[in-house]
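Below: one structure, written as structure tokens.
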Amino acid sequence: MKNWSFRRPSTVPTQTPTDPKFTQAHQRAPHVEVYWKAVTYKTVILYALLALTIIFAGIFIAKPDLYQVTLKKLSGAVGDPGNETPAADQKRAKFVNLDGRVQVKKVNSVQWVEADYRTSLDKGDLVQTGSDANARITFADGTTYTVKPDTLVTVEENTTENNKPTSVAVAINHGAVDFSTPNWSSPDSKAAVSAEDAHAQLHSNSRAAVKSDPEKRESEIVVSSGSAQVQRGEERIDLAPYEKLTIPRGGPIQKSNVLAPPDLVEPLNLAPITAENPRIYPVHFEWKPVQEAVSYTLRISTTAMFTKTVKEAPTKGTGVDITGLDPGDYFWNVTATDGKKQTSEVSEIFKFTLVAQGKSQDMVLEITSTQVVGHSAEIVGRTEPGAALIVNGQSVPNIAPDGNFRHFTEQLAPGQHTISIIGSNRRGGTAMKQVSIVVPK
């Protein structure tokens, strides 16, 4: 008989069988773990500022000059673009008279824009006037260019650094330009106009007129005061007052004398004329006789650029009375004509104000701001529509219809100056303001 015995099995861990296919696929699947950390905008900004600080510190250590230039550019980018410093503004030319349609194309632009008194001009800019338009441009050195109707010019040069000889120039593509120079402090300063293949350089305290006619393929220059020198190639010719050069392209230069314009006598420049009934009041105009002249032509306009002529009176005498003028501001000039039908350049332009006499004598005149631009003072203010203003002996040619005005004085010597602003309105009222400015050396 066999003895049966039972042994208790030992505890052995067991594992549930798995599908081999599932195990193989599970082993091939990528194992990805994702972690993140919340970052606030404030932290991002702080890190960005820290990076910029490190960059600027490196620039300052390596190249201090480059640091200053970069800082100025950044300041200009975040600042008010319209709030230019006097130093930057000094190097640019400005419009001081605008009549009719005047357009500007900046050197770095392909688009023409309408010019206004805030428009500044740099080297390479184009200026174009319409058939009834004029524009007067003043450079920081005091040189003035008057761009006549149907004219296209290019700003060729504009070097007006402090305490150095200045050099300004424009090129006439077609049309006509009058230009005048102040009494420069440096004898090496230059102002010029190029037309066709000729280059006219005007000397200090001089005036001249330059024309360029592409159809006739010729240009001409007439000096009315001071002196000038014209260069074409290696040829140089000096001009005195009332001398004219005709410069045909490819032909010989011809020099001749021209008839001098009359000197104006009455009404005096900036004179107010008061009348009870202005339209029937005879305004007397008078000028000095010109040798060899047989007749004269008086022109009266409501604009300083003579784009709106209200009266034109030919006469053989040296004076004439004119009626039919309404109260307001007027400009007048005279040309002379000789027996050969040659006409002089226009005379100096005088301004007068015809006033309807009234009881009220009060006048509005406010100065809102002043600043020094180069060696000139910029005066900004408000007066009555139709009023006449004189700033340091100069008439203010552009007063807006609402009475606002902006005026640049002539070049001033370094030091302190008191600027006087005198005004008169159509009722016979007057007002005067004075402001003090300091021109730096």
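The values are calculated or read from the model by the stated rules, or taken from the named source; none is laboratory data. Owing to the predicted nature of the structure, the values given are computational and were not obtained by experimental measurement. Virtual Cβ from ideal backbone geometry, glycine too; neighbours counted across all protein chains shown. In case anyone asks, the SASA skips ligands and DNA or RNA and just uses the protein heavy atoms, side chains included. Shrake-Rupley method; radii C 1.70, N 1.55, O 1.52, S 1.80 Å.
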Residues to consider are Ser424, Ser436; find the one that is in contact (Cβ under 8 Å) with a residue 40 or more places away in the chain and open to solvent by 20 Å² or more (accessible area, probe 1.4 Å).
Ser424
Given the structure, is Leu365 out of contact with any Gly (no Cβ under 7 Å at 6 or more places or on another chain) and crowded, with 16+ Cβ neighbours inside 10 Å?
no
Pull up the stretch 125-138, narrow it to residues that are out of contact with any Lys or Arg (no Cβ under 8 Å at 6 or more places or on another chain) and modelled with pLDDT of 90 or more, then point me to the one that is most open to solvent (accessible area, probe 1.4 Å).
Arg136
Is the stretch 294-313 home to any residue that is open to solvent by 70 Å² or more (accessible area, probe 1.4 Å), part of a loop (DSSP other than H, G, I, E, B) and within 26 Å of Ser225 (Cα to Cα)?
no
Hits in the stretch 238-270 - residues which are assigned to a strand (DSSP E or B), among the β-branched types (Val, Ile, Thr) and open to solvent by 30 Å² or more (accessible area, probe 1.4 Å):
Val265
Determine which single condition Lys351 fails, assuming it passes every other condition in (1) farther than 21 Å from Ala400 by Cα; (2) in contact with a Phe, Trp or Tyr (Cβ under 6 Å, 6 or more places away or on another chain); (3) among the charged types (D, E, K, R).
(1)
Looking at (1) under 24 Å from Pro278 (Cβ atoms); (2) hydroxyl-bearing (Ser, Thr, Tyr); (3) under 31 Å from the mean Cα position of the chain (by Cα), which is the only condition Thr297 fails?
(3)
Test result for Asp178, open to solvent by 40 Å² or more (accessible area, probe 1.4 Å) and over 21 Å from the mean Cα position of the chain (by Cα)
no
Out of the stretch 202-220, which residues are of a type outside the set (Asp, Glu), farther than 13 Å from Val153 by Cα and surrounded by 19 or more Cβ atoms within 10 Å (Cβ to Cβ)?
Leu202, His203, Ser206, Arg207, Ala208, Ala209, Ser219
Contact list please: Cβ distance under 6 Å, first residue in the stretch 216-229 and touching a residue at least 24 places away in the same chain (Cβ under 8 Å) and within 19 Å of Gly251 (Cα to Cα), second residue among the small types (Gly, Ala, Ser) and open to solvent by less than 40 Å² (accessible area, probe 1.4 Å), pairs at least six apart or on different chains.
Ser219/Ala195; Ser219/Ala198; Ser219/Ser212; Ile221/Ala200; Ile221/Ala208; Val222/Ala209
Checked Ser395, Ser347, Ser360, Ser376 against criteria (at pLDDT below 85, of a type outside the set (A, V, I, L, M) and either closer than 25 Å to Asp99 by Cβ or crowded, with 21+ Cβ neighbours inside 10 Å (or both)); the one match is Ser395
Identify the residue in the stretch 254-276 that is free of Cβ contacts under 8 Å to residues at least 24 places away in the same chain and out of contact with any Asp or Glu (no Cβ under 7 Å at 6 or more places or on another chain) and, among all such residues, is nearest to Ala304 (Cα to Cα).
Ser256
Taking first residues from the stretch 146-168 that are of a type in the set (Gly, Ala, Ser) and second residues anywhere that are assigned to a strand (DSSP E or B), the pairs with Cβ under 7 Å that are 6 or more apart or on different chains are Ser167/Glu157; Ser167/Thr159; Ser167/Lys190
Of the residues Ala275, Ala240, Ala260, Ala228, which single one is among the small types (Gly, Ala, Ser) and under 26 Å from the mean Cα position of the chain (by Cα)?
Ala228
Out of (1) open to solvent by 70 Å² or more (accessible area, probe 1.4 Å); (2) more than 30 Å from Ser194 (Cβ to Cβ), the one Gly324 does not meet is (1)
